[in-house]
Amino acid sequence: MAPSSSFPEPADRVPAETAPADTAPADTAPSPASNADAHSPTPEPDPAPPSRLRWRVVDIVVASVLGVAVGVVFWVWSTAWSTLSLPFLAFPPAAGLLTGVWVLAGPLGAMIIRRPGAALYCEILAAAVSAVLGTQWGMQVLISGALQGLGAELVVLLLLYRRFGPVVTLLSGLGAGLFLGLGENLMYNTEWQPAWQLVYLAAAGVSGLVLAGGGTLLAVRALRRTGVLAPLASGRTAAEV
């Protein structure tokens, strides 16, 4: 007699109920890491590099040191002027050939600092130092310093402070010298005939080009070799000046 079919089958042979397939995607709870990413602040972009036209603290310090140092040179040159100009008594306008020393601060400041106003600042500061130390022209040298600094400043301004090579250096000395000659003619040489004033103007321009412009070229190259200009643009650009 066959066994009754009422007996239950073994558990391992009972088919398991299949859960209905859920086709909808299950909601996934955000992980703590994703929450942290969502609430974390957006990283700040790297700060922009300093503008080549913006003065830094190191620029102010170096420009001030240059102005004071050249101001002492101005004072020495002014003190010795009566002796230095003796050979030109027969033709005073030729003394303009010696005036380039008085415009050195402008080109030097422009080529070393390479910031707007550097030539003007250094020249005025140098003139102020010489006035404080004492010269025969008194505080009028401040007016002269402003004019001379402006002459050097205009050259680099016209080039938008982008070029500082040897030609620009010489031209800044020329500009400073011409502005010196113009100022001297207006303040001190008013009794000279126009021909003499023109000679003095030309002589001052040549002196500015050679003594101030050429002197700046030599000074910047010598200073760069020592490494003291490393924090400045003039110390990092070996191809210029």
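Every number in this text was worked out from the coordinates using simple rules, so none of it is lab data. For clarity, every value in this text was computed on a predicted model and none was experimentally measured. Positions of Cβ are generated from backbone atoms using ideal geometry, with glycine treated the same way; all protein chains shown enter the neighbour counts.
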Cut-off 15 Å between beta-carbons: net charge of the residues surrounding A63, Lys and Arg +1, Asp and Glu -1 | +1
Proximal charge balance of Q148 [Cβ under 12 Å; K/R count +1, D/E count -1] = -3
Sum of side-chain charges, P92 neighbourhood, beta-carbon under 15 Å (Lys, Arg +1; Asp, Glu -1) = -2
If the label point sits 7 Å along Cα→Cβ of L86, residues of the stretch 99-135 with amide N under 19 Å come out as 99
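Pairs of Cα atoms under 8 Å, at least six residues apart: use those to get the relative contact order of the stretch 106-234, whole percent.
Relative contact order here is 29 percent.
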